[in-house]
Amino acid sequence: MLTDGQSREFLEPTVLARLASVPMFARRAMQGSVSGRHPSPHRGASVEFAEYRKYVPGDDLRRLHWRALGRTGRYYVKEFEADTNLRLCLVLDTSGSMAFGSASGAEGMTKIDYARRLAGSLGYLAVQQGDAVGLTCVAGGIVKDIPPRRNPAHLMHVFDTLEETVPEGDTQLVPVLHELAETIRQRALIVVISDLFVEPSELRECFEHLRFRRHDLAAFHLLDPQELSFQFRRPVRFQDMEGGTSIFAEPTEIADRYHKALRQYQDDLRQIVLETGVDYHEVRIDEDYEQVLMRFLIRRTQMRGKR
């Protein structure tokens, strides 16, 4: 599938080959334009039985339930779930905070580096299995918007955008998600990749909006290990990477308050995603991204039957 001959730093062919062994399924019925592997809200031809209904003139006689006719003298036809293709809409946070990464040296990875690996791999897997992929980059608004398409040439455009994007500006993720809920007309799998520097109560509203529009919403919440541990040994100047002011502080004096606020934020966020049905993944950026994606794919495989 990688036919442009370019080497992409955020794509590893061996990782993609292993991930491709597990299909990516939608949790909710999708509305696609061609036959695929995902459940549809419409009836069609597949191997999964849905229900019986009374025969009406014009129905395919091959779908008649002959045993029911023999027992009751009435005509019934079998209906099956229709399977369709998927629209994968990747929403990538490209605000200034995504440039943060506490690891040093050549192996050090920032949040945007990690996000590129997640987004690039998911995009590749979607097109590989015949689905459409699109990309929306978000900072102070929509920086770049690529509508979903299914062909490999389009995927190269998505990869080019991932490669060229630069994290800068503030975060306007919430209004953009509300906008996407209105502008993405057909049901889609929307995957948000962000550090979610947003008030949880505001996230609840846009998550509910997307759910009301019957989208399947997943979120990868990227956190740097230092944000979780807050291990600093001497006074530090903390700089707002999204254009705000800096604060000079003694870490030992604020560590307890920081951890308390962090725990409250995590608890609030977990409660919200539980109530809104978001496929939520809290991810440390020092974790192997292949394992993160494998868990994501396997969990969706296990939930596929729950339509």
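Things to note:
- Residues (exposed (fewer than 15 other Cβ atoms within 10 Å of the Cβ), of a type in the set (D, E, K, R) and assigned to a helix (DSSP H, G or I)) located in the range 271-294: 275
- Enumeration of residues in the range 220-229 that are more than 24 Å from the chain's Cα centre (by Cα) and surrounded by 14 or more Cβ atoms within 10 Å (Cβ to Cβ): 226
- Test for residue 219: is it modelled with pLDDT of 95 or more and not in a loop (DSSP other than H, G, I, E, B): yes
- The lone exception for residue 194 - which of (1) at pLDDT 95 or above; (2) farther than 16 Å from residue 110 by Cβ; (3) surrounded by 18 or more Cβ atoms within 10 Å (Cβ to Cβ) it fails: (2)
- One residue from 190, 247, 254 being more than 20 Å from the chain's Cα centre (by Cα) and assigned to a strand (DSSP E or B): 247
The values are calculated or read from the model by the stated rules, or taken from the named source; none is laboratory data. As the structure is a prediction and not an experimental result, all values here were calculated from the model. Every residue, glycine as well, gets a Cβ built from its backbone with ideal geometry; the counts of neighbours run over all protein chains shown.
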